[in-house]
Amino acid sequence: ERPKGAMKPLPNLMETELETFGASVIEDFTWKQLLDTDSCTMCGRCTSVCPAHATGKPLDPREIILKTGEVMAATGDPVVSPPIGVDAEISISANSMFERVTPEELWACTSCKACDEICPVNIEILDKILDMRRYLSLMESNFPTELGNAYRSMENSGNPWGLSQGSRAEWIDDLEGVEVIEGGEPLESEFLYWVGCAGSFDDKNKKVSRAMSQLLTMAKVSFSILGPSEMCTGDPARRSGNEYIFQMLAAQNIETLNSMGVKKIITQCPHCFNTLGNEYPELGGHYEVVHHSQLLEWLIDQGKLDMTNAELNERLVYHDSCYLGRHNDVYQAPRKVVASIGGLEVVEAERQGTQGMCCGAGGGRMWMEEDTGKNINVERSQELLATGADRIATACPFCFVMIDDGVKGEGVEETEVKVGDIAIHLLDALQPKEDQTKPLETVSQGKDEND
């Protein structure tokens, strides 16, 4: 059975005889996807929780289902009735989905899965959107220009930032105890720490990599990193429809990991966590993948991280990552990590847990401009600030970037509200108060103002 967070698999694009990929006509959908159109009760719950719709984007999840039903009713054989009354002036001349669905609707989706999660009759809306994206990307090259830059960077540089692979491990700087191993060498450590592209290249997230490495060293965890041998997992490509680049990157990573005998992987990025754990198995990569929030929870529970003197006399709110929460049902681990800090008051945002609001970066949106309606990260940041928290905790590098930008956009500086990954807040609590921030500033001094 396909894991909850995995996309529908496609055959190997280098070997398949298929002539078209994704969904453009009604016949491209599975019987379950078509049955969904008849199951819809038109309740609108999906639309009510969609972050794109809530901020003025053209996407309406319920309309995707109804429009699919309309096209099927107008062109399908045998004839079926439409899911809802169709306006007489709407003409459908062919069985193409793009008679009714526009590319702008599909590209507005953040793949947050809020629509699927809240649907009372288990309709899978996200699958249909991603299948149509696959068609647009692979068959028509009809995607936002900025996304083309990310595709080229992933294909040529092995990461969507387009930065040199040789600089992947520069975040280590003067940190001790972080072993970088060559791809292909046998892994002698217990864990491979998969830092991810953001943790390697983004100035904000380099601090998370450093904090996590210090916590692992503190807990005497045996780990190594791949450094320049690590490549993007391919999630941004796959979620934006470019299966070709995803398969290319995945094949290279799986070959590297399997040749090293890797069994256990720690990730700090929920997108890497989801791809490595749920999607690589179908391509021959079978690993025990743990998100850093789960590992930190276990280390605290086992007493390997001594929390006796860990203290922050502040208020903190945790922002749920869609790919950790709705895609993988990990809600409690990050909350337990921050709740273990003495003196810390943990509060919840208005939308949290299964109904948490997206930061706006998933589904490849991290690499696309947002120029319609209100920015999703601004909406979410305002909601988090409304809790009166002194700290905002994330468990995803994209969320960290988006929420930090959103908070600063509201004119709130880091001295007033500190946005950071749970690893940063945990290290703050564990360190002696006078040198709390020193290890985290080393790599990115003078850069933050340019973020």
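Data overview
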item	result
At q = 0.07, 0.09 Å⁻¹, base-10 log of I(q)/I(0) for the chain (Debye sum, equal scatterers on each alpha carbon)	-0.35, -0.58
Among beta bridges that DSSP assigns inside the chain, antiparallel share in %, nearest 5	5 percent
Helical mean residue ellipticity (222 nm; -39500 (n - 2.57) per DSSP H run of 4+; nearest 500) of the chain	-10500 deg cm²/dmol
Charge context of F201, other residues only, Cβ under 10 angstrom, K/R +1, D/E -1	-1
The range 158-296: C-alpha gyration tensor shape, a/c 1.5 cut-off, then a/b vs b/c	prolate
Mean Cα-pair separation over length for the range 26-142, i.e. relative contact order, pairs under 8 Å, 6 or more apart, %	31 percent
Proximal aspartates and glutamates relative to K8, as straight alpha-carbon distance under 12 Å, when same-chain residues fewer than 8 apart are discounted	E124, D127, D131, E243, E279, E282
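Read-outs throughout are calculated quantities, based only on the coordinates presented, and are distinct from any laboratory measurement. It should be emphasised that the depicted structure is a prediction, and the values quoted were computed from it without experimental measurement. We place every Cβ from the backbone using ideal geometry, glycine too, and count neighbours over all the protein chains shown.
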